[in-house]
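Participant: Take this structure, written in structure tokens, and hold onto it; I'll ask about it next.
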Amino acid sequence: MKALLVIDVQNDFLPGGKLEIKGGNQIISKINDLMNNYNLIVATKDWHPENHISFSSTHEGKKVGDIIKHNGINQILWPNHCIQESFGSKFPKELNYNKINKIVYKGKNKDIDSYSGFNDNAKNASTELSVFLKDKGVDKLDCVGLATEYCVKHTALDAVKEGFNTRVIISCTKGLSNNDIKDAINEMRINGIVII
Ligand code: VGL
Ligand code: ZN
């Protein structure tokens, strides 16, 4: 059984959003088309409280792009984004989100970021994603969404670790930095992810 995983396609990651990814809007209609090929579609949402550790505004004297160490792990500081229930946290109206069967929320704990839809960045806590997919009999997972080198990469790497036959449909992803995207694609390939 195959499933489509739509990662963090939310207003704040699209042009005009708080953490905008150039061209992020261009993948929406492609994802809508792709949805026709799947009987099970799951989406992740970045879902932060207002004082989240990943926001530069949470740390006095820090700015966007700074890297801090928190509880032993590096954290890049971002603009405030995807605050729970805000407009920026919502699906864009152009996305056929009524076809999504299940939404998994991540990054809810203010003390730790969560790029992966499966686990937080310390790999201490898991979301319900893996159990949900396995309960549905999913063995093949196709990943699309934003951003290629952050949440898509980390979600796909964890999917492999969870035993899913994992592919990333690269034309249905967009990232922030071309160099980092290249590195991310290599890292995903090395770890057994099929890039199509
Ligand atoms: C993401 C940075 C911060 C992502 C989420 O969805 O790739 N990136 N939070
Ligand atoms: Zn985030």
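The values are calculated or read from the model by the stated rules, or taken from the named source; none is laboratory data. All of these numbers come straight from a predicted model, not from anything done at the bench. Cβ coordinates were reconstructed from backbone atoms using ideal geometry, including for glycine residues, and neighbour counts include every protein chain displayed. SASA here: full protein model, heavy atoms, side chains in, ligands and nucleic acids out. Shrake-Rupley method; radii C 1.70, N 1.55, O 1.52, S 1.80 Å.
Participant: With +1 on each Lys and Arg Cβ and -1 on each Asp and Glu Cβ, and nothing else charged, work out how big the dipole of the chain is about its Cα centre, in Debye to the nearest 20.
Facilitator: Taking the Cα centre of the chain as origin, the dipole is about 340 debye.
Participant: In segment 1-92, what percentage of the DSSP-assigned beta bridges are antiparallel, given to the nearest 5?
Facilitator: Once the DSSP bridges in segment 1-92 are tallied, antiparallel ones form about 40 percent.
Participant: Could you sort 54-65, 138-149 so that the peptide with the highest average Cβ count within 10 Å comes first and the rest follow in order?
Facilitator: Per-residue Cβ counts within 10 Å, averaged per peptide and sorted highest first, yield 138-149, 54-65.
Participant: Next question. Taking the inverse of the average 1/r across all pairs of different Cα atoms in the chain, what Kirkwood radius in Å do you get?
Facilitator: Computed over the chain, the radius equals 16.6 Å.
Participant: Tally up the carbon and sulfur contribution to the accessible surface of segment 45-176 as a whole percent, 1.4 Å probe, everything protein left in place.
Facilitator: 48
Participant: Follow-up. Just need the Rg to Rh number for segment 1-82, please, alpha carbons only, Kirkwood Rh.
Facilitator: That ratio equals 1.08.
Participant: Can you give me the Kirkwood hydrodynamic radius for segment 80-196, using every pair of distinct Cα atoms, in Å to one decimal?
Facilitator: 15.0
Participant: Based on Cα positions only, what radius of gyration and what Dmax would you give for segment 40-123, in angstroms?
Facilitator: Rg then Dmax for segment 40-123, in Å: 13.9, 45.
Participant: Given segment 79-196, what percent of its DSSP beta bridges are antiparallel, to the nearest 5?
Facilitator: Roughly 10 percent of the beta bridges in segment 79-196 run antiparallel, per DSSP.
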